[in-house]
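Please read the structure below before turning to the comments.
The values are calculated or read from the model by the stated rules, or taken from the named source; none is laboratory data. Since this is a predicted model, take the numbers as computed values, not measurements. For neighbour counting, all protein chains shown are included, and Cβ atoms are generated from backbone atoms with ideal geometry for every residue, glycine included.
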Amino acid sequence: MISLASTILSTSDEEPAVEPITAVVSAAEAGGLFEWFWLLIAFPVFGMLVLLIGGRRTNAWGHLLGTAVVLVPFGIGVALLIDMMGRAEDQRSVVLHMWDWTIAGNFTADMALRLDPLSMVFVLLITGVGSLIHIYSIGYMSHDPDRRKFFGFLNLFIAAMLLLVLANNYLLLYVGWEGVGLASYLLVGFWQYKNSAAVAAKKAFVMNRVGDVGLSLGIMLMFVTFGSVAFEEVFAAAGEADGTVVTLIGLALLLAATGKSAQYPLQAWLLDAMEGPTPVSALIHAATMVTAGVYLIVRSNALFDLAPIALNVVLVVGVVTMVAGAVIGCANDDLKKSLAGSTMSQIGYMFTAAGLGPAGYVFAIFHLLMHGMFKADLFLSAGSVMHNMNDQLNMRRFGALRTVMIVTTGTFFAGFLGITGVPPFDSFFSKDDIIKSALSQNWLAGIATIFAAGLTAFYMTRQLSMTFFGKKRWTQDVKPKESPPVMTVPMIFLSAGALFGGLTMVYLFNLQEWLTPITGFTPGELPIPDWAVEVITIATLAIGVTLAWRQYATRDVPETPPVNVTPLTVAARKSLYADAINEGLFMRPGQHLTRFLVWFDNRGVDGIVRGTASGVSGLSNRLKLLQNGYARSYALTMVVGVLVIAAIFIVSRWV
Amino acid sequence: MTLVMQAAESSGSTGEQVTFWICAFLIVTGGLGLILSRKTVHSALFVAQTMISLAVLYAANGAPFLALVQVIVYTGAVMMLFLFVLMLVGVDSSDSLIETLKGQRVAAILMVLGVVVLIVASVGGALSNSTSLGIAEANEEFGGNVEGLAHLMFTTYLLPLQVVAALLISAALGALVLAHRERIGERLDQTTLANRRVAAFGDGVHPGGLPNPGVLASSNAIGTPALLPDGTPTELSVPVPLRGKKAPEILNDPELIKAEQAEIESISESESAIRDAGLAGIGGHTDLSDVYPDQLDPDEAGTGETELPPAPDDDAKPGDA
Amino acid sequence: MDPSAYVILSGILFSIGALGVLLRRNAIVVFMSVELMLNSANLAFVAFARMHGNLDGQVIAFFVMIVAAAEVVVGLAILMTIFRTRRSASVDEPSLLRN
């Protein structure tokens, strides 16, 4: 097994450094299906419009339409992929200029889409996983009276996400970016009658806005610096720009990415976002939207390559979130929240990889792709469990579910294999690539990635054993049974992805070769041999699995969380005090500032305004008395005037 | 006039001093009288006093022409015009001197005092050391004051004179236009008025003239109401200002009543006979209580033709200014 | 005689006229007060004419009289018109200047 892995990986290590190809061809030149790839977005937009405008009339068939308008783009995406694979490497970036969107002075932003190997990967991930989750949702939401609306929102999300990855300039990307934010808000708060869901939606939205400020600042800086926001022009001009400005742009984009991808310091919304329906958690908060930050950084690789400071910050953010997310995942008893912690951790892996620069971009995307599959699988499996356990999520009241939910157990186990990195499944390839890359660039980050891999193994084993193994700890009223095929079939498909995605990407498709023309690649020098790294990693995994298995499978799990635990566990249960920190650092001072501003507004600003107004009106009331309509009064005024003027003349004569 | 002129010739003489102080006193009292008198006619008379005194001062200053013009134009024409208007507006209108505008009186007096102080201070300061050249030389240049003025007016000041002439004509025209009342309705000729009167008679307004006072009554005093054929007195015969107030006063005086009764009894027999013959059916009108029913108890009062509508409120009623 | 005495008298007369304008409500009295003020100016003119030894001041005073006469004619006509419509000669009552 080890030799197999090293053989696999040695192929990639021997590859020479690759410089990114920046050339693009227009859709008209590319011809064929490329002239029509705007349909990718048009279909889900159409579905959304029909479902949301059509209203209740579409209730009967809305979910079918909603699924179809995602399946069709998936088909188009596959056809496009085949078409693109047949093209030369420097002919694969296709730009479709649709119309001039914004023209203001010398500022232009076109309605232009760009399909290149990077966005191709995303298109397939979004539409592929999206299709499966749509199908799954048909079953999962079957009892919900608002299922049609749910599909409308999902279609909105798919459209916005596709726009995000297909945009050819940052402004259009921003539209998609906000679109997915909106979809996320709508879907997290889908059951808005639950206070927790409404609050979670608001929290996600607000924290995303903080990140969006970064994106808008970045775009403005780009416009000021380069005079354009189109990808090609920005990347081409980046080399000549001031390094500080590029660093600032990089940091602004990073802020945006941390917001969208739930990285430190804007991570706190993700756990709460689990209030949304599970398909939403799977699609938006695991597979696609939260990886938009990674996409943004990898897409902007030309900028980050010129801003090593920004890149280092990306690395730090990635490492911190990777470890912290894993720690949270280890302690949370809520199945979905534990998985959300895992999502943070895995995206932290991607950020770590992206923070390594050209040595890691491609692995970030690789891991992103793998993560999209195994995490969607895990979430759908969790949703299946939840669906049959009366929407409970407390793992302490699960246990022994393998006896009744054999398919779900299998798919969850497949996801487990995919995420932990057991050879030869997904993460074995993607995560080990990241670990090696990190070790070659920055040994500290490398060690952190290995440690996080161990934590991953621990929390996944914990989830697996607490949910499916051990003794029954069910509440009285639940009678779990297997989910219907409309849910299990997508889970099985995703399991296949979780199990064999890595192999496919390495042997059949060669993702690395596919992406390097976009991201560039610089191979690193490992300080220790390949096999040693793999041995260490797998040993760490084994330790994690063993520890968790001993604690949660072989021993009884108490139905209430034990109290006498280490401070770390206490902290981890509270998501490492994220909410407390946010409250203490931002909310309270913010409230105080607001109160002060309100006070100042009332007393200071309004005081001046009202004072002026009342002063003027008071003066007017006095002056009004002069305007009494009596000619004699006016005559008196004249006399006064004459007197004053005469006095001035006479006195000035004397003086 | 000649005296005053002579006083003027000798500039700074005691004669002029006396003239000045007398006139100054008259001028100031005239002005104050204008302000302080309650009746407008008095004000006008005070102004006339001021103007004449001013004329004297003009003469004292070697301006006989102006002095005469002042008397003729101002005192003669302008003040008479004022009086005309006063009569039109209502001669008995008198102002109340209570100030209605808050603070107006105090402020006005203070301000005007300020003006006086300023004028006195500035004029006193400016003219204290000036020497007067005297007007005698200028008056003699063309052989007299009028000749001198005529010379100036028809040479240097010819254009202003023309302009002022135009102004005067315009003013006359303006007065005509302003005083002109546009006829709004149809012109009322005799036929129309007669028809209207007859129509009014239908509503009870008698078309004939009002009865004369004292007719057929015990007294022909203007305040005594005439007696109607049925013996009831009618107030319509009494001039409006006297209605209902003067007559009773007379009658309340027992001396007067006695005298009147005596007078009635001493009426000649023939007259008495004629009256008795003519008004046999009525009788009793020598009884004063019949003549003045309002002196008696109210039940018997008001049975006469007092139901006649009151005299129309004509323009003779003075304004309530 | 010192011309300043005449001028001061003229000033006092002017002030009395102004006081009349300010204090009296009867338009005719106000009018007469204005006449008084004009006359006070005439007195000053005549006094100054004497002081300067020429007749120009007297000519101006004459013009003032003419203008005053014209003014009285028009003013009284206006007064009559107002009285005709408002039955009042008070300058306060038609406080039309008030909104």
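Looking at the stretch B:27-79, which of its residues are facing chain C (nearest Cβ under 9 Å), β-branched (Val, Ile, Thr) and in contact with a Ser or Thr (Cβ under 7 Å, 6 or more places away or on another chain)?
Within the stretch B:27-79, B:Ile27, B:Thr40 qualify.
Would the stretch B:38-50 turn up any residue that is of a type in the set (Lys, Arg) and in the same structural domain as B:Val18 (by TED's automatic domain parsing)?
Taking every residue of the stretch B:38-50 in turn, at least one turns out to be of a type in the set (Lys, Arg) and in the same structural domain as B:Val18 (by TED's automatic domain parsing).
Look at B:Gln49 and say whether it is modelled with pLDDT of 90 or more, under 24 Å from the mean Cα position of the chain (by Cα) and closer than 22 Å to C:Gly53 by Cβ.
no
Quick check on B:Leu127: is it aliphatic (A, V, I, L, M) and modelled with pLDDT of 75 or more?
For B:Leu127, the condition - aliphatic (A, V, I, L, M) and modelled with pLDDT of 75 or more - is met.
Before we move on, is C:Ala41 more than 7 Å from every other protein chain (Cβ to nearest Cβ), closer than 16 Å to C:Tyr6 by Cβ and assigned to a helix (DSSP H, G or I)? Walk me through how you get there before you give the answer.
Values: more than 7 Å from every other protein chain (Cβ to nearest Cβ): yes; closer than 16 Å to C:Tyr6 by Cβ: yes; assigned to a helix (DSSP H, G or I): yes.
Criteria met by C:Ala41.
Determine, yes or no, whether C:Ala77 is away from chain A (no Cβ under 11 Å) and within 22 Å of B:Leu66 (Cβ to Cβ).
Numbers: away from chain A (no Cβ under 11 Å): yes; within 22 Å of B:Leu66 (Cβ to Cβ): no.
In short, no.
Here is a list: A:Pro527, A:Pro562. Which entry is in contact (Cβ under 8 Å) with a residue 24 or more places away in the chain and surrounded by fewer than 12 Cβ atoms within 10 Å (Cβ to Cβ)?
On the way: A:Pro562 fails: in contact (Cβ under 8 Å) with a residue 24 or more places away in the chain.
Result of the check over A:Pro527, A:Pro562: A:Pro527.
Quick one: how many residues across the stretch A:111-130 are surrounded by 20 or more Cβ atoms within 10 Å (Cβ to Cβ) and either in a strand (DSSP E or B) or aliphatic (A, V, I, L, M) (or both)?
If we filter the stretch A:111-130 for residues that are surrounded by 20 or more Cβ atoms within 10 Å (Cβ to Cβ), which is where we start, we get A:112-123, A:125-130.
When the remaining residues are screened for being either in a strand (DSSP E or B) or aliphatic (A, V, I, L, M) (or both), the result is A:112-115, A:118, A:120-121, A:123, A:125-126, A:129.
Of the residues in the stretch A:111-130, 11 are surrounded by 20 or more Cβ atoms within 10 Å (Cβ to Cβ) and either in a strand (DSSP E or B) or aliphatic (A, V, I, L, M) (or both).
Would you mind telling me which numbered condition in (1) within 14 Å of chain A (Cβ to nearest Cβ); (2) farther than 21 Å from B:Leu57 by Cα C:Glu71 fails?
Exception for C:Glu71: condition (1).
In this structure, does A:Val404 turn out to be crowded, with 24+ Cβ neighbours inside 10 Å, more than 27 Å from A:Thr516 (Cβ to Cβ) and in contact with a helix residue (DSSP H, G or I) (Cβ under 9 Å, 6 or more places away or on another chain)?
no
Residue by residue through the stretch B:116-130, note down the ones that are facing chain C (nearest Cβ under 8 Å) and not in a helix (DSSP H, G or I).
Result: B:Ser128, B:Ser130.
Tell me which residues, restricted to the stretch A:72-90, are surrounded by 14 or more Cβ atoms within 10 Å (Cβ to Cβ) and more than 15 Å from A:Glu29 (Cβ to Cβ).
A:Val72, A:Pro73, A:Phe74, A:Ile76, A:Gly77, A:Val78, A:Ala79, A:Leu80, A:Leu81, A:Glu89
Tally up the residues in the stretch B:54-83 that are surrounded by fewer than 20 Cβ atoms within 10 Å (Cβ to Cβ) and in contact (Cβ under 8 Å) with a residue 24 or more places away in the chain, please.
Going through the stretch B:54-83 one residue at a time, the tally reaches 2.
Being among the charged types (D, E, K, R) and not in a loop (DSSP other than H, G, I, E, B) is the filter; apply it to the stretch A:244-279 and report the residue that is nearest to A:Met222 (Cα to Cα).
Initially, the stretch A:244-279 is screened for residues among the charged types (D, E, K, R), giving A:260, A:272, A:275.
When the remaining residues are screened for being not in a loop (DSSP other than H, G, I, E, B), the result is A:260, A:272.
Details: A:Lys260: 20, A:Asp272: 33 Å.
In this case the residue turns out to be A:Lys260.
Can you name the residue in the stretch B:152-162 that is surrounded by 11 or more Cβ atoms within 10 Å (Cβ to Cβ) and assigned to a helix (DSSP H, G or I) and is also farthest from the other protein chains (Cβ to nearest Cβ) among such residues? Walk me through how you get there before you give the answer.
Of the residues in the stretch B:152-162, the ones surrounded by 11 or more Cβ atoms within 10 Å (Cβ to Cβ) are B:152-153, B:156-158, B:160-161.
Still in the running and assigned to a helix (DSSP H, G or I): B:152-153, B:158, B:160-161.
Working: B:Leu152: 5, B:Met153: 6, B:Leu158: 11, B:Pro160: 6, B:Leu161: 8 Å.
My answer is B:Leu158.
Restricting the search to the stretch A:503-532, which residues are aliphatic (A, V, I, L, M) and in contact with a Pro (Cβ under 8 Å, 6 or more places away or on another chain)?
At the first step, the residues of the stretch A:503-532 found to be aliphatic (A, V, I, L, M) are A:503, A:505-506, A:508, A:511, A:515, A:518, A:526, A:528, A:532.
Passing the criteria: A:Leu503, A:Leu515, A:Ile518.
From the list C:Ile16, C:Ile12, exactly one residue is at the interface with chain B (Cβ under 7 Å from one of its Cβ atoms), at pLDDT 90 or above, part of a helix (DSSP H, G or I) and crowded, with 24+ Cβ neighbours inside 10 Å. Which is it?
It is C:Ile16.
Counting just the residues of the stretch B:101-115 that are among the small types (Gly, Ala, Ser) and more than 8 Å from chain C (Cβ to nearest Cβ), which one comes out surrounded by the fewest Cβ atoms within 10 Å (Cβ to Cβ)?
Here is the first cut: in the stretch B:101-115, the residues among the small types (Gly, Ala, Ser) are B:103, B:107-108, B:114.
Right, trim to more than 8 Å from chain C (Cβ to nearest Cβ) and you get B:103, B:107, B:114.
Working: B:Gly103: 12, B:Ala107: 17, B:Gly114: 18.
Step by step, filter the stretch B:101-115, then rank; the result is B:Gly103.
Test each condition in (1) surrounded by 14 or more Cβ atoms within 10 Å (Cβ to Cβ); (2) at the interface with chain C (Cβ under 7 Å from one of its Cβ atoms); (3) outside any loop (DSSP other than H, G, I, E, B); (4) free of Cβ contacts under 8 Å to residues at least 12 places away in the same chain for B:Leu149 and report the one that comes out false.
(4)
Out of all the residues in the stretch A:543-592, which are part of a helix (DSSP H, G or I), over 27 Å from the mean Cα position of the chain (by Cα) and hydroxyl-bearing (Ser, Thr, Tyr)?
Across the stretch A:543-592, the qualifying residues are A:Thr546, A:Tyr552, A:Thr554.
For C:Ala27, all conditions in the list (1) within 7 Å of another protein chain (Cβ to nearest Cβ); (2) over 19 Å from B:Phe65 (Cα atoms); (3) surrounded by 24 or more Cβ atoms within 10 Å (Cβ to Cβ) hold save one; what is the number of the exception?
Against the list (1) within 7 Å of another protein chain (Cβ to nearest Cβ); (2) over 19 Å from B:Phe65 (Cα atoms); (3) surrounded by 24 or more Cβ atoms within 10 Å (Cβ to Cβ), C:Ala27 comes up short only on (1).
May I ask you to list the residues in the stretch C:44-64 that are within 7 Å of another protein chain (Cβ to nearest Cβ) and in contact (Cβ under 8 Å) with a residue 24 or more places away in the chain?
C:Val46, C:Ala47, C:Arg50, C:Met51
So, A:Arg114, is that one out of contact with any helix residue (DSSP H, G or I) (no Cβ under 9 Å at 6 or more places or on another chain) and closer than 30 Å to A:Pro279 by Cβ or not?
Criteria not met by A:Arg114.
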